[in-house]
Every structure is written in C-alpha cells, then in structure tokens.
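For reference, the structure discussed in these notes is given below.
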Amino acid sequence: QGQLVESGGGLVQAGGSLRLSCAASERAFSRPVMAWFRQAQGKEREFVTYITKNNGRTYYADFVKGRFTISRDNTLNTVYLQMNFLKPEDTAVYFCAASNLATIRSQSYTYWGQGTQVTVSS
C-alpha cells in the first residue's frame, strides 16, 4: 500500500494551471516536512518545494518562485502543489515526499509517492 499517493497531473497548455494533490498515510504525514520533487525524462530528480508541519514554513526552488505554491491540510493528511503560469520546461513526473529534515536533498526523504505526470504543451 502506498504511503503517499499523488494525483492531479495531466496535459495543459503553456500559461495554464494545475493543482497536484498528495494523500498521505498517518505515518508519512507525521513527518515534519512534506515536499515535491520532479523528474523530467532523461534528467535527474530535482527539488521543487517543501513545507514544514509545525509552522507551515515553505521553501521553493528558484525556477518555481512566484508560480508554484505548496500548502497542506493537516486535517486531511494532504499536501497540494498549485502550479500557475506553467512552462513546457515544467514537464516532468512530480513526486511527493516526506522527511524528518527540511532539506532540498532527495536522499533525506524516506517516503515517496509513485509520481504523477505533468505535461505542458507549447
């Protein structure tokens, strides 16, 4: 059974928006930090954003600042990624992850979802 399950991916035109959701198990959601990573075809997985549980502190990769917003609903054990002004270079599989550390290093994340594909057409 998946500890983290992403949904909401799809095909969108450049300039459009998508909202990704990540439904987490109690165990995964108990971790202090929830994050989103992405991996484009033929490229390494890269950090997108994270949010902390206790105070909702967020951190974003430079390439998504001002366009993407991470949020969490602690009553639903769900994390969201609102993506606006999407670009073709945002095309990737987006993964939800959970960690004990507020870090951009993927190696520190112990729970991962299966990913959801986001494709942005030009």
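The values are calculated or read from the model by the stated rules, or taken from the named source; none is laboratory data. This is a predicted model, so every value here is computed, not measured. Positions of Cβ are generated from backbone atoms using ideal geometry, with glycine treated the same way; all protein chains shown enter the neighbour counts. Ligands, DNA and RNA are stripped out before the accessible areas are found, and what is left, the full protein with its side chains, is counted by its heavy atoms. Shrake-Rupley method; radii C 1.70, N 1.55, O 1.52, S 1.80 Å.
Restricting segment 25-44 to residues that are more than 19 Å from residue 55 (Cα to Cα) and of a type in the set (A, V, I, L, M, F, W, C) leaves a set whose member that is surrounded by the fewest Cβ atoms within 10 Å (Cβ to Cβ) is 40. The residue that is nearest to residue 95 (Cα to Cα), among those in segment 42-62 that are in contact with a Ser or Thr (Cβ under 7 Å, 6 or more places away or on another chain) and of a type outside the set (Phe, Trp, Tyr), is 45.
Can you name every residue in segment 27-86 that is assigned to a strand (DSSP E or B), among the β-branched types (Val, Ile, Thr) and over 20 Å from residue 110 (Cα atoms)?
From segment 27-86, those assigned to a strand (DSSP E or B) are 33-39, 46-52, 58-60, 68-73, 78-83; that's our starting set.
In the following step, the residues that additionally are among the β-branched types (Val, Ile, Thr) were identified as 33, 48-49, 51-52, 58, 69-70, 78-79.
Hit for segment 27-86 is 69, nothing else.
So for segment 1-21 (the condition being within 17 Å of residue 108 (Cα to Cα) and at pLDDT 95 or above), does at least one residue qualify? Yes - at least one qualifying residue is present in segment 1-21.
For segment 39-91, what are the residues that are aliphatic (A, V, I, L, M) and over 11 Å from the mean Cα position of the chain (by Cα)? Within segment 39-91, 40, 61, 64, 76, 86 qualify.
Checking each residue in segment 5-34 for being basic (Lys, Arg) and farther than 17 Å from residue 74 by Cα picks out only 19. Where residues in segment 87-122 are outside any loop (DSSP other than H, G, I, E, B) and in contact with a helix residue (DSSP H, G or I) (Cβ under 6 Å, 6 or more places away or on another chain), which of them is nearest to residue 15 (Cα to Cα)? Checking each candidate, the answer is 120.
May I ask you to verify whether residue 94 is open to solvent by less than 80 Å² (accessible area, probe 1.4 Å) and farther than 17 Å from residue 113 by Cβ? Here the answer is no, as residue 94 does not meet what is asked. Looking at the structure I just gave you, is residue 78 touching a Lys or Arg at 6+ places or on another chain (Cβ under 8 Å) and surrounded by fewer than 19 Cβ atoms within 10 Å (Cβ to Cβ)? For residue 78, the condition - touching a Lys or Arg at 6+ places or on another chain (Cβ under 8 Å) and surrounded by fewer than 19 Cβ atoms within 10 Å (Cβ to Cβ) - is met.
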